[in-house]
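Asks: Dropping the structure in here first, questions after.
The values are calculated or read from the model by the stated rules, or taken from the named source; none is laboratory data. On a predicted model such as this, the values are computed, not experimentally measured, just so you know. Counting neighbours? That spans all protein chains shown, and the Cβs are built from the backbone with ideal geometry, glycine included.
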Amino acid sequence: MTPIPDNEIKRVLVVMAHPDDCDFGAGGTIAQWTAAGIEVSYCIITNGDQGGEESGIPLEEMPKVRQKEQRDAGRALGVENITFLNYRDGWLTPTIELRREIVREIRRAKPDRMVIQSPERNWDRIGASHPDHLAAGEAAIQAVYPDSRNPFAFTDLKDEGFEPWRVKEVWVTGSPQPNHAVDITSTFNKKIAALHAHVSQTAHNKELENMVRSWGEMNAERFELPQGSVAEIFRIVNTN
């Protein structure tokens, strides 16, 4: 799949279920976009309070900790604009209320391209198919089409000043049917820096870099990139 050229993309909105999903799924790619001058924004749906059970951080403190970690990780990749919707971690469903909130963020950010999670379960990579990921992906793609472009959908948002917006392209992470690879060999170090910023989630894993590199090398091999390359893979969907 040939995506829209990056020089035709001004803004990208990344919608993910949890803090750290952006960085595991697309950190190296995001670093390339921001370096090229593309404005990248994040919308993180849940508060992440069910993550980090090995960190020793009390449950009630986890949302605040994870928001700070995501902001630190965003800075490592050149992202400053981050919105947290604060849904309960582990309880996410693709409700009409969630669709409305994502539509608001689309109409606010006006992205040419979006990055979302797959609403399809990946039986070969079950870790990519957390129930929250599936729900976030389903709500996000519904928000892209048909909601965000439709002037008759969520008219109260138009009353708030959020005009309809048409997203041209969606990149799906964790898809069972990827059709595009991005060589992130040059930005792999930034991806790892972002992941290390999620201290509550990654500090216990001494093999983090090796693990993530091996995933990226398998992705690269799958798409026949040069040996030693590291890649992130996506399903690109034309939504224009």
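Asks: How about segment 196-221: which of its residues are out of contact with any strand residue (DSSP E or B) (no Cβ under 7 Å at 6 or more places or on another chain) and either over 26 Å from residue 72 (Cβ atoms) or crowded, with 21+ Cβ neighbours inside 10 Å (or both)?
Replies: Correct list: 197, 198, 200, 201, 202, 212, 217, 218, 221.
Asks: Ok, one more. Tell me, please, whether a residue that is exposed (fewer than 15 other Cβ atoms within 10 Å of the Cβ) and either in a loop (DSSP other than H, G, I, E, B) or touching a strand residue (DSSP E or B) at 6+ places or on another chain (Cβ under 8 Å) (or both) can be found in segment 102-112.
Replies: Initial filter on segment 102-112 (exposed (fewer than 15 other Cβ atoms within 10 Å of the Cβ)): none.
Among the residues of segment 102-112, not one is exposed (fewer than 15 other Cβ atoms within 10 Å of the Cβ) and either in a loop (DSSP other than H, G, I, E, B) or touching a strand residue (DSSP E or B) at 6+ places or on another chain (Cβ under 8 Å) (or both), which makes the answer no.
Asks: Looking at the structure I just gave you, is residue 171 assigned to a strand (DSSP E or B), touching a residue at least 24 places away in the same chain (Cβ under 8 Å) and under 20 Å from the mean Cα position of the chain (by Cα)?
Replies: yes
Asks: Additional query: Report yes if residue 94 is of a type outside the set (Gly, Ala, Ser), closer than 26 Å to residue 161 by Cβ, in contact (Cβ under 8 Å) with a residue 24 or more places away in the chain and buried (at least 24 other Cβ atoms within 10 Å of the Cβ), otherwise no.
Replies: Spelling it out, it is not the case that residue 94 is of a type outside the set (Gly, Ala, Ser), closer than 26 Å to residue 161 by Cβ, in contact (Cβ under 8 Å) with a residue 24 or more places away in the chain and buried (at least 24 other Cβ atoms within 10 Å of the Cβ).
Asks: Could you list, in sequence order, the residues of segment 54-84 that are among the acidic types (Asp, Glu) and within 21 Å of residue 31 (Cβ to Cβ)?
Replies: Listed by number, the residues that qualify are 69, 72, 80.
Asks: For segment 15-71, how many residues are outside any loop (DSSP other than H, G, I, E, B) and either surrounded by fewer than 24 Cβ atoms within 10 Å (Cβ to Cβ) or of a type in the set (Asp, Glu) (or both)? Step through it out loud before you land on a result.
Replies: So in segment 15-71, the residues outside any loop (DSSP other than H, G, I, E, B) come out as 15-16, 21-35, 39-46, 59-71.
Subset that is either surrounded by fewer than 24 Cβ atoms within 10 Å (Cβ to Cβ) or of a type in the set (Asp, Glu) (or both): 21, 23-24, 32, 34-35, 39, 41, 59-65, 67-69, 71.
Looking only at that region, the number is 19.
Asks: Only one of 151, 178, 146, 164 is part of a loop (DSSP other than H, G, I, E, B), without any contact (Cβ under 8 Å) to a residue 60 or more places away in the chain and surrounded by fewer than 17 Cβ atoms within 10 Å (Cβ to Cβ); which?
Replies: Working: 178 fails: surrounded by fewer than 17 Cβ atoms within 10 Å (Cβ to Cβ); 146 fails: part of a loop (DSSP other than H, G, I, E, B); 164 fails: surrounded by fewer than 17 Cβ atoms within 10 Å (Cβ to Cβ).
Just a single option satisfies the conditions, and that option is 151.
Asks: What do you reckon, is residue 235 crowded, with 18+ Cβ neighbours inside 10 Å, in contact (Cβ under 8 Å) with a residue 60 or more places away in the chain and basic (Lys, Arg)?
Replies: yes
Asks: Just one of 44, 82 is of a type in the set (A, V, I, L, M) and closer than 16 Å to residue 139 by Cα; which is it?
Replies: Values: 82 fails: closer than 16 Å to residue 139 by Cα.
Going through 44, 82 in turn, just one is of a type in the set (A, V, I, L, M) and closer than 16 Å to residue 139 by Cα: 44.
Asks: Out of everything in segment 43-62 that is in contact (Cβ under 8 Å) with a residue 12 or more places away in the chain, out of contact with any Ser or Thr (no Cβ under 9 Å at 6 or more places or on another chain) and not hydroxyl-bearing (Ser, Thr, Tyr), what residue ends up being farthest from residue 203 (Cα to Cα)? Full working, then the answer.
Replies: Narrowing segment 43-62 to residues in contact (Cβ under 8 Å) with a residue 12 or more places away in the chain: 43-52, 54-55, 57, 62.
Those left that are additionally out of contact with any Ser or Thr (no Cβ under 9 Å at 6 or more places or on another chain): 45-47, 49-50.
Subset that is not hydroxyl-bearing (Ser, Thr, Tyr): 45, 47, 49-50.
Numbers: 45: 23, 47: 19, 49: 17, 50: 16 Å.
Looking at residues that are in contact (Cβ under 8 Å) with a residue 12 or more places away in the chain, out of contact with any Ser or Thr (no Cβ under 9 Å at 6 or more places or on another chain) and not hydroxyl-bearing (Ser, Thr, Tyr), I get 45.
Asks: Please state which of the following conditions residue 172 fails to meet, knowing it meets all the rest: (1) surrounded by fewer than 21 Cβ atoms within 10 Å (Cβ to Cβ); (2) touching a strand residue (DSSP E or B) at 6+ places or on another chain (Cβ under 6 Å).
Replies: So residue 172 meets the others, but not (1).
Asks: Quick check on residue 137: is it at positive phi, touching a strand residue (DSSP E or B) at 6+ places or on another chain (Cβ under 8 Å) and modelled with pLDDT of 95 or more? It would help to see each step written out before you state the result.
Replies: Values: at positive phi: no; touching a strand residue (DSSP E or B) at 6+ places or on another chain (Cβ under 8 Å): yes; modelled with pLDDT of 95 or more: yes.
Spelling it out, it is not the case that residue 137 is at positive phi, touching a strand residue (DSSP E or B) at 6+ places or on another chain (Cβ under 8 Å) and modelled with pLDDT of 95 or more.
Asks: Here is a further query. Which is among the basic types (Lys, Arg), in contact (Cβ under 8 Å) with a residue 24 or more places away in the chain and within 24 Å of residue 167 (Cα to Cα), of 66, 107?
Replies: One residue alone meets the criteria, 107.
Asks: Among the residues of segment 155-162, is any of a type in the set (D, E, K, R), in contact with a Lys or Arg (Cβ under 7 Å, 6 or more places away or on another chain), at pLDDT 95 or above and farther than 21 Å from residue 20 by Cβ?
Replies: Among the residues of segment 155-162, not one is of a type in the set (D, E, K, R), in contact with a Lys or Arg (Cβ under 7 Å, 6 or more places away or on another chain), at pLDDT 95 or above and farther than 21 Å from residue 20 by Cβ, which makes the answer no.
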